[in-house]
Amino acid sequence: MKKQYAFDLVVVGGGTAGAFSAIAAARSGVRTAVVEKNSYLGGMATGSGLTEMNAAGFQSAPLYQGIEKELFDAMIEAGCAEYHFAVPMSSNPDVKIDRLRYNPEMLKVLLEEKAVESGVTLFYDTELDTAREEENGCVLTAHSPYEEMEFSCRYLIDGTGNADLIRKLGGETIKTEAENQLVATLMFRISHVDLEKLDAFIHSADLKAAIAEGYESGILKGKILAFTPIPGSQDVSLNVTRAKFDYEDAEATSAGLVEARSQILPVFEFVKKRVPGLEESYISNIAPMIGVRDGRRIQARYMLTLEDLDQMVSFPDDIACGCYPMDIHDPVTNSVIWKILPGVYHIPYRSLQPVGLHRVLAAGKCLGAEKKAFAAIRVMPIMMNVGESAGYAVALALREGKKLDELAAEELTAYLKEKYNG
Ligand SMILES: Cc1cc2nc3c(=O)[nH]c(=O)nc-3n(C[C@H](O)[C@H](O)[C@H](O)COP(=O)(O)OP(=O)(O)OC[C@H]3O[C@@H](n4cnc5c(N)ncnc54)[C@H](O)[C@@H]3O)c2cc1C
């Protein structure tokens, strides 16, 4: 017998975007639940060892408003985050990005506090099984290790990062063929680092020389060696391992994890000897999940293109913005391919709407974007902005008694303006 629940909105996947959708909707009076297979919110932002919100600012000033700004400010206030402007990327120092560095463990706590305070009902360790859309609402089933559940709701948000929900609803999705998928990375953290010495090294030409040396000797599997100091600590996270596998093939993914984990000790021995400031350091954490950059995207009412971003096209239904360049972790050349974009670009609401479905939105990296546009917009601050706006769109649809594809561009953008600007 399935346990029965009723909500206005169920967000499947309380990750980087989904958590923001849930908080935004709940604060707007929507009875909201999150079904999350992990035992914490934040997804990649908290579980994969990442410590840097890329392009959280534009031209050395914070870019985002709303709950995103509120959360970033709270983290800065708590001493667990700080802005760093125009930081060069290790894979190409000519590319400089405004970032918010943060402690992911603290983000877990603060995000959850905000969700609970906002009235979101959390279902952790709960995984989606089936979903269907009906004329007046949706039904989904899920399970925890101990229970089977059935949720009825008016609206759904797919925050799974891989369009799992929309696929189960019968929506069309697009997957990059395995050999062209962006490479994955298992992040790890080292402690007891002399940050001053490391900082001088990161900003010197010696970083490039060390990458070339490490890559030529076969220790580094890609031309990247990214160190991120974690605010409020002497810890540094490393984005360096590389693995190529089809993320939907369990056996291949497990082999990829083994491959990435096997790179960590050789890399650590290399950097400990080669990089100033790491002499006394030790490995203090290996991320519990591997970071899969690629993912299924939905066939949306509008498929965002790189040209849209490059030309900073303004859509009548703009719901989010970003300024991160295209960044392809190329499986063929083992390099990172960059295309710098000229300014702040936009994401339309139609890119969150799966063709043929009416009561569900894709928040997060599974939204409808072509491959090269995806490689730019997938970063966390943009996904948070998309997630938050998706939550507000549901609130507006509920208030107006409409389906999600019945919202007019003008009414939605006016409502978002009110929400973001108070
Ligand atoms: C290696 C790597 C490095 C990166 N580096 C950076 C960086 O430095 N800075 C930056 O800004 N961005 C970076 N990114 C990009 C960024 O982290 C992600 O694109 C972004 O976090 C995606 O957000 P999301 O909400 O779409 O997905 P996620 O954060 O992955 O959230 C998806 C959530 O859905 C849950 N879920 C999935 N399926 C189900 C299901 N069936 N049932 C229930 N729950 C489910 C998951 O557990 C997860 O919590 C990086 C990504 C990778 C992989």
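Results, tabulated for the structure shown:
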| quantity | calculated |
| --- | --- |
| Percent carbon-and-sulfur accessible area, the range 314-422, ignoring ligands, DNA and RNA, probe 1.4 Å | 53 |
| Sequence-distant residues sharing a close amide H with Ile340 (under 5 Å, placed H) | none |
| Per residue accessible area of the chain, 1.4 Å probe, in Å² | 39 |
| Neighbour net charge for Asp125 - beta-carbon separation under 12 angstrom, K R +1, D E -1 | -2 |
| Shape category assigned to the range 285-390 from the gyration tensor of Cα positions, a/c cut at 1.5 | oblate |
| Amide H contacts of Gln299 (H built 1.01 Å from N, under 5 Å, at least 5 apart or other chain) | Glu172, Thr173, Ile174, Val355 |
| Rounded accessible area of Asp8 (nearest 10 Å², 1.4 Å probe) | 20 |
| C-alpha center-to-center spacing [the range 240-290, the range 35-78] in angstrom | 24 |
| Contour excess over end-to-end distance, with Cα ends at Ser144 and Ser335 and 0.36 nm allotted per residue | 64.7 nm |
| Extended-chain gain in nm, criterion 0.36 nm per residue less alpha-carbon gap, Lys272 and Glu82 | 65.8 nm |
| Out-of-range pairs (alpha-carbon distance over 18 Å; input Lys69/Lys403; Lys108/Lys419; Lys175/Lys365; Lys197/Lys272; Lys69/Lys108) | Lys69/Lys403; Lys108/Lys419 |
| The range 1-134: radius of gyration over Cα atoms, expressed as a fraction of 2.2 N^0.38 Å | 1.18 |
| Ellipticity estimate at 222 nm from DSSP helix runs (n ≥ 4, -39,500 (n - 2.57)) divided over the chain, nearest 500 | -10000 deg cm²/dmol |
| Of all DSSP beta bridges in the chain, antiparallel share, percent nearest 5 | 70 |
| Longest exposed-site-free window of the chain, the sites being chymotrypsin sites (Phe, Trp or Tyr not before Pro) in a DSSP loop that have at most 16 other C-beta atoms within 10 Å | 147-422 |
| Spatially proximal aspartates and glutamates relative to Lys2 (Cα-Cα < 13 Å; intrachain offsets below 8 disregarded) | Asp129, Glu147, Glu148, Glu150 |
| The chain: equivalent-ellipsoid semi-axes (sqrt of 5 x gyration tensor eigenvalues, Cα, Å) | 35, 22, 21 |
| Length gained when the stretch Ile283-Glu411 is fully extended (0.36 nm per residue, less Cα-Cα span) | 40.9 nm |
| Long-range amide H partners of Val95 with built H, under 5 Å | Met89 |
| Virtual spin-label span in nm between Glu127 and Asp199, 7 Å along Cα→Cβ | 4.4 |
| Charge tally in the Cβ shell below 11 Å around Gly222, where Lys, Arg are +1 and Asp, Glu are -1, Gly222 excluded | +3 |
| Rounded to the nearest 20 debye, dipole of the range 183-286 from Cβ charges on Lys, Arg, Asp, Glu | 160 |
| Shape of the range 183-286, Cα gyration tensor, a/c cut at 1.5 | prolate |
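The values are calculated or read from the model by the stated rules, or taken from the named source; none is laboratory data. Small disclaimer: the values here were computed from a predicted structure and weren't measured. FYI the Cβ positions are ideal-geometry reconstructions off the backbone, even for glycines, and counts take in every protein chain you see. These area figures cover heavy atoms from the full protein model, side chains too; ligands, DNA and RNA do not enter into them. Shrake-Rupley method; radii C 1.70, N 1.55, O 1.52, S 1.80 Å.
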